Amino acid sequence: MIRKLAVTCSLIIFALTGQADPPSMLESEPITASSVRDWILHLESMPCGRAYAGGDPRLWQVVRLGVEHVPTILELVDDDADTEMNVCLFGGTYAVGDVAVVAFLRIVRGAPIALFAAGEDQAAVDRIGFGVYWQFVRESQENRDAMRLFLEGWFAENRLRLGWVRLQESPAGGYYSVESNDPG
C-alpha cells in the first residue's frame, strides 16, 4: 500500500513538473508481477510497430529491467485487462498482457511469436505478419494462456544462449538475441 502510494505520488510529481523522464521503476522495489502490472496500467502510449523509440518513457523503464526480470514480465502475458491504449496498425486496444509481450520483444528478440500464433503456418505469417498475434490472443483466454506458456518455455530454453546487441536508437541501449552457433 505504501509502495503504491509512493509510486502514485511520484507519477503526480512527474506530471506536474514536466520532467523529461518519469521516476524510476526501480524505486518501487521489489519488482513483482503486481508492481509491473501497476506500472503498465499507468502507461499512456506505446511505440508503433517495430520502432525502438517512442511511446511512454515508462515502458522503456520496464524494458530496462532487463533479461533478469523477463520471467516476472512473462507472468503478465495472459492478463487481458484493458489498458485503453490504442494499437497502431492493427486497431483495438492493448491488454496488460499485450504490453508485457511488447516489453518482452524490446528486451529479447528472436522468439517466434507470430509463427506460434499462426499454428506454425508460415504462409499466414507471410501474409499478415504480426497480425496473427492479435488474431490469436483476441480469440480466447485459452490462447492468451497458451502464449504465456509458449514464451515461458521458449525463454527457459534459450536464456543461456542470449547475447547483448547494442542498438543506439533504442532507449534501452539495445536488446538480447539468441546467439547463433553458425560460423557463417
> Based on the Cβ-Cβ distance from D145 to L167, what FRET efficiency comes out when R0 is 35 Å, to the nearest 0.05?
Replying inline: 0.65
>> Using each residue's phi in the range 101-117, evaluate 6.51 cos²θ - 1.76 cosθ + 1.60 at θ = phi - 60° and report the 3J(HN,Hα) Karplus result to the nearest Hz, with x for Gly and Pro.
In response: 5, 4, 4, 4, 5, 7, 8, 10, 10, x, 5, x, 4, 5, 5, 4, 4
> Taking θ as phi - 60°, what are the ³J(HN,Hα) couplings along the range 164-177 by the Karplus curve (6.51, -1.76, 1.60), each to the nearest whole Hz, with x for Gly and Pro?
Replying inline: 7, 10, 6, 9, 4, 6, 7, x, 8, x, x, 7, 9, 9
>> Can you list residues from other chains, or at least 5 along the same chain, whose modelled amide H is less than 5 Å from the amide H of L162?
In response: E179
> What is the spin-label model distance, in nm, from E157 to S177 if the labels are put 7 Å beyond Cα along the C-beta direction?
Replying inline: 2.0 nm
>> With the crude spin-label approximation of a point 7 Å out along Cα→Cβ, what separation in nm comes out for S34 versus T93?
In response: 2.4 nm
>> Given R₀ = 22 Å, what would the calculated FRET efficiency be for R109 paired with E84, taking r from the Cβ atoms and rounding to 0.05?
In response: 0.20
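Quick check for me: using +1 on Lys/Arg Cβ and -1 on Asp/Glu Cβ, what's the dipole size of the range 76-180 about its Cα centre, in debye to the nearest 20?
With Lys and Arg at +1 and Asp and Glu at -1, about 480 debye.
All of the numbers you see were taken from the coordinates with simple rules; none came from a lab. Just so we're clear, the structure is a prediction, and the values are computed from it rather than from any experiment. We place every Cβ from the backbone using ideal geometry, glycine too, and count neighbours over all the protein chains shown.
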